[in-house]
Amino acid sequence: MISNQGRADLLVRALRSRVLGGGEAGDLFTEDVRVWTPTFSARSLADLTAETSVFEAAFSDVDLDVRPLDVGGDYACAEWVLWATHSGPFPSREEAGAQPTGRRVRLVGVTVAEFDDDRICSLRHYWDELMLVQQLGA
């Protein structure tokens, strides 16, 4: 049985691995992990991995500051600040997507994770999507 501190550490590792790259996702997430964000949702580890590659293609020079806020039972919550440079096409609701601007963006958000033993089975990320769009100049 994983401790509350272990869950907090796992959530920080999972966020860093998905944003900064590296780490084996199978060690962090269940195969049927469910993910929701303001811009996408996933119903499997494969979906999550595919969406991560879209982010990696659109943003570079990424920095992430993560602070666990609360852990209890099968849940953990963390607040984060992400900085990244818009260096590649970023999919949008329009077919063409947002072309690279070279702008440095900053997002502030919260993630809630649910655990199935020692792996994450659900993530919900909350941030202001409009803030990102405005920083990209739309």
Residue 16 fails exactly one of the following numbered conditions: (1) at pLDDT below 90; (2) surrounded by 13 or more Cβ atoms within 10 Å (Cβ to Cβ). What is the number of that condition? (1)
List pairs: first in region 1-18 and at negative phi and among the polar types (S, T, N, Q), second crowded, with 17+ Cβ neighbours inside 10 Å and not in a helix (DSSP H, G or I), Cβ under 7 Å, 6+ apart or cross-chain? 4/71; 17/28
State the number of residues belonging to region 106-134 that are touching a Lys or Arg at 6+ places or on another chain (Cβ under 6 Å) and either more than 15 Å from residue 27 (Cα to Cα) or modelled with pLDDT under 95 (or both). 1
Restricting to region 54-71, count the residues that are more than 19 Å from residue 104 (Cα to Cα) and outside any strand (DSSP E or B). 0
How many residues does region 9-26 hold that are assigned to a helix (DSSP H, G or I), out of contact with any Leu (no Cβ under 9 Å at 6 or more places or on another chain) and not β-branched (Val, Ile, Thr)? 1
Expected single match for outside any loop (DSSP other than H, G, I, E, B), aliphatic (A, V, I, L, M) and in contact with a Ser or Thr (Cβ under 6 Å, 6 or more places away or on another chain) among 113, 84, 50, 78 is 78
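The values are calculated or read from the model by the stated rules, or taken from the named source; none is laboratory data. Since we're looking at a predicted model, the values are computed, not measured. When we count neighbours, we look across all protein chains shown, and the Cβ atoms used for this are built from the backbone with ideal geometry, even at glycine.
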